[in-house]
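Here's the structure we're looking at; comments come further down.
The values are calculated or read from the model by the stated rules, or taken from the named source; none is laboratory data. Only a predicted model underlies this, so the values are computations on that prediction, with no experimental measurement involved. All Cβ positions, even for glycine, are placed from backbone atoms using ideal geometry, and neighbour counts span all protein chains on display.
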């Protein structure tokens, strides 16, 4: 199943010390994002990466807080990136975490190692998102499991080595293991 996206807004500048991001778009676009509970941000490499919305501050300038972004440095990586939503009526049910028949469920329990950042963690779930399969990591991060990103799969060691673009898997001293 393939999905198309539409740009509904942009990530503005980072805001505050907790990783807030100014929402640069119309209020109706913000309402659509909030009703789904997530947005996709188009990264530098052209891949749409999902971010779950943790909260929003509507009192001043519509500030979004994402689950996996908790510092100004991480938020700055998303500055001026397009915010996308899936097109189509089925978009309300796209975050299906009960995708037991889909590709990737066999990787639950594997270690995911990013060659670029040196970061690794255990995959605790695999979910089907619009246009891609996402690995949910121990700390709650979502990492795309796309053929173009996977360098090596070692079933005997239960390990997947990937090469992720900067910002896909946020790194920081508190998140490294």
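I'm checking my understanding of the structure. Among residues of segment 54-66 that are surrounded by fewer than 16 Cβ atoms within 10 Å (Cβ to Cβ) and not in a strand (DSSP E or B), which one is modelled with the lowest pLDDT?
By that ranking, first place goes to 60.
Between 117, 100, 170, which is on the phi < 0 side of the Ramachandran plot, surrounded by fewer than 19 Cβ atoms within 10 Å (Cβ to Cβ) and at pLDDT below 75? Can you show your working first?
Working: 117 fails: at pLDDT below 75; 170 fails: surrounded by fewer than 19 Cβ atoms within 10 Å (Cβ to Cβ).
Residue meeting the stated conditions: 100.
When segment 13-45 is examined, which residues are found to be touching a helix residue (DSSP H, G or I) at 6+ places or on another chain (Cβ under 6 Å) and part of a strand (DSSP E or B)?
Answer for segment 13-45, where residues must be touching a helix residue (DSSP H, G or I) at 6+ places or on another chain (Cβ under 6 Å) and part of a strand (DSSP E or B): 14, 21, 23, 39.
Might you let me know whether segment 135-155 holds any residue that is farther than 21 Å from residue 42 by Cβ, at pLDDT 80 or above, outside the structural domain of residue 70 (by TED's automatic domain parsing) and touching a helix residue (DSSP H, G or I) at 6+ places or on another chain (Cβ under 9 Å)?
yes
Which pairs do you get when a residue that is free of Cβ contacts under 8 Å to residues at least 24 places away in the same chain, found in segment 103-122, comes within reach of a residue that is surrounded by fewer than 19 Cβ atoms within 10 Å (Cβ to Cβ) and not in a loop (DSSP other than H, G, I, E, B), reach meaning Cβ atoms under 8 angstrom, with the pair 6+ apart or on two chains?
If the second residue must be surrounded by fewer than 19 Cβ atoms within 10 Å (Cβ to Cβ) and not in a loop (DSSP other than H, G, I, E, B), the pairs left are 108/124; 108/125; 122/111.
Anything in segment 15-32 that is buried (at least 18 other Cβ atoms within 10 Å of the Cβ) and under 23 Å from residue 137 (Cβ atoms)? List them, or say none.
19, 20, 21
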